[in-house]
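Each value in this text was obtained by applying a stated rule to the coordinates, not by laboratory testing. Remember, it's a predicted structure, so these values are computed and weren't measured experimentally. Reconstructed Cβ throughout: ideal geometry from the backbone, glycine too, with neighbour counts over all protein chains shown.
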């Protein structure tokens, strides 16, 4: 991220780093990861007491929910690689045709889940 910012510029140039939606997503994800690391870093002079019953909202803001957006980073490859994009689009178009197969699969999962629960409890 830092190398791209140095090479492209941050926001003012025409092809700047924050002019691309993918780069904005990367900036938010990486920035939130650094903020959580900085937030969790204890001070060297004070003793750290761990209270398991304490509410974490009093200590600071929680950015763990933004970590879920890390899953979206590989989607950049879909937009840049033409063959991969065709493959993903064809799988998405085939989903309605697989509806009946998925229903049967879920039925079998349910049967085996009930059977394993009965075996573990009995």
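Want the number for residue 82 to residue 70: 0.36 nm per residue separation, take away the alpha-carbon distance, what's left?
Numbers: separation 12, 0.36 × 12 = 4.32 nm, distance 2.23 nm.
Between residue 82 and residue 70, full extension yields an extra 2.1 nm.
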key: FRET efficiency for residue 24 and residue 91, using Cβ-Cβ distance with R0 set to 30 Å, rounded to 0.05   = 0.65
query = With all pairs of different alpha carbon atoms counted, what Kirkwood hydrodynamic radius in Å does the stretch 75-122 show?
reply = 13.5
